[in-house]
Amino acid sequence: MAGSIAASAFFPGPGASPAASAKTSKAMGGELPENLSVRGIVAKPNVPSGNMQVKAQAQALPKVNGTKVNHKNASADTEEAIPYSAPKTFYNQLPDWSMLLAAVTTIFLAAEKQWTLLDWKPKKPDMLVDTFGFGRIIQDGLVFRQNFLIRSYEIGADRTASIETLMNHLQETALNHVKTAGLLGDGFGATPEMSKRNLIWVVSKIQLLVEQYPSWGDMVQVDTWVAAAGKNGMRRDWHVRDYNSGRTILRATSVWVMMNKNTRRLSKMPDEVRAEIGPYFNGRSAITDEQSEKLAKPGSTPDGDATKQFIRKGLTPRWGDLDVNQHVNNVKYIGWILESAPISILEKHELASMTLDYRKECGRDSVLQSLTTVAGECTDGHHPDDTIQCDHLLQLESGADIVKAHTEWRPKRAHGEGNLGFFPAESA
């Protein structure tokens, strides 16, 4: 019994107050000074807190003749108003770890998002990610790849993408390739060294083979790369596939030369420019059987075959047809060439191949005419061999040739039909 009393004096229970402990100490062995603790250390008096006081009397005071009667004097009431505070230990002095962990997690996630979307600069070209939809460089930096979704305003009467839509995709990937490689100067696809010398790229020749036409909602995947073309030219190739099936949609090759932006004359390729683009040259060809013969003018029939000629006059460029180099975009020429094609061909056939030979640039004040010569008859048959060949010429009304072209047309077929070839796996 005596042991429990002694223990309670030094280790008060959870319900015991400091005042009770002090009274017990007085009863055990004499009175202690009011400011002296059980350890013999002078303690500072506690200042009562207004919101942490415990009253001994919680019940209401009785009333006598309408007047409250206090059974205790003021000194006793003051003694019973005892401040209480939880004992300070190591554990309740620790910070709130859950709040700290939440703050650290929020900062980490925000930093990770900024790193991925804004400040991410990969070190290797083959690890580029198409974060913003601008495409990525693959195959050790030699091929650029970009995907396009065929939209409703890019399809024609056949419910398939027009040839102009596909050609715009080719041009867009070419420019994004230069931009992603870090070679874009202040011109339309010009490199920094070209910009210093006021040089720009102009297309000299384009050849394309169309296997099938995508429809609205289809996703197409475009690969492009460059190579040398003679001493002063550059070749650019494209291979377009269906994103889901991998089937070939279109293959194309082109030759580009340099023109002085001020004099509008062709220029040789400077060594500094060759040093810029040379590391990106890829010897692969999208079209192995390239058209090397000169294109014939419409109306010339050396073999004596029957031909029909169609002419469309009064073609003028609009302001929206000009590019940043202030000449008509090469894709616009394709639309003008097909303006003179007979409607019977457009209704029953689809373009299978096209070769364009660009002769002269066209400005905004030019007036042009389109000529088409058709070899063979347009029939209703759907046999794969029933093709039509056409020769086209786009020229100024003054007589200067702008573009010569040769097209081949096959009978229309249902979407997805045909012998669609795959690109060899080793070169994909």
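The values are calculated or read from the model by the stated rules, or taken from the named source; none is laboratory data. Computed from a predicted structure; not experimentally measured. Ideal geometry is used to build each Cβ from the backbone, glycine not excepted, and the neighbour counts take in all protein chains shown.
Filter segment 171-192 down to the residues that are in contact with an Asp or Glu (Cβ under 9 Å, 6 or more places away or on another chain), in contact (Cβ under 8 Å) with a residue 24 or more places away in the chain and outside any helix (DSSP H, G or I) and list them by number.
183, 188, 191
Considering each residue of segment 317-336, count those that are buried (at least 18 other Cβ atoms within 10 Å of the Cβ) and part of a strand (DSSP E or B), and give that number.
1
Can you report the number of residues in segment 339-378 which are touching a residue at least 40 places away in the same chain (Cβ under 8 Å) and either polar (S, T, N, Q) or closer than 24 Å to residue 170 by Cα (or both)?
The qualifying residues number 23.
Read through the list (1) closer than 21 Å to residue 403 by Cβ; (2) free of Cβ contacts under 8 Å to residues at least 40 places away in the same chain; (3) not small (Gly, Ala, Ser), then give the number of the only condition that residue 168 fails.
(2)
State yes or no: is residue 297 modelled with pLDDT under 90, in a loop (DSSP other than H, G, I, E, B), among the basic types (Lys, Arg) and under 22 Å from residue 340 (Cβ atoms)?
yes
Scan segment 309-340 for residues that are within 25 Å of residue 386 (Cβ to Cβ) and within 38 Å of the chain's Cα centre (by Cα) and jot them down.
334, 337, 338, 339 - these are the residues of segment 309-340 that are within 25 Å of residue 386 (Cβ to Cβ) and within 38 Å of the chain's Cα centre (by Cα).
Can you name the residue in segment 337-346 that is of a type outside the set (A, V, I, L, M, F, W, C) and in a loop (DSSP other than H, G, I, E, B) and is also nearest to residue 397 (Cα to Cα) among such residues? I'd like the intermediate steps shown before the answer.
Step one: filter segment 337-346 for residues of a type outside the set (A, V, I, L, M, F, W, C), giving 339-340, 342, 344.
Filter again for in a loop (DSSP other than H, G, I, E, B), leaving 340, 342.
Working: 340: 15, 342: 21 Å.
Across segment 337-346, the extreme among qualifying residues is 340.
For residues in segment 227-242 being in a strand (DSSP E or B) and of a type in the set (Lys, Arg), which is surrounded by the fewest Cβ atoms within 10 Å (Cβ to Cβ)?
Among them, the one singled out is 235.
Is it true that residue 228 is aliphatic (A, V, I, L, M), farther than 23 Å from residue 322 by Cβ and over 29 Å from the mean Cα position of the chain (by Cα)?
On the way: aliphatic (A, V, I, L, M): yes; farther than 23 Å from residue 322 by Cβ: yes; over 29 Å from the mean Cα position of the chain (by Cα): yes.
So residue 228 passes the test.
Out of segment 155-170, which residues are assigned to a loop (DSSP other than H, G, I, E, B) and of a type in the set (Gly, Ala, Ser)?
156, 157, 162
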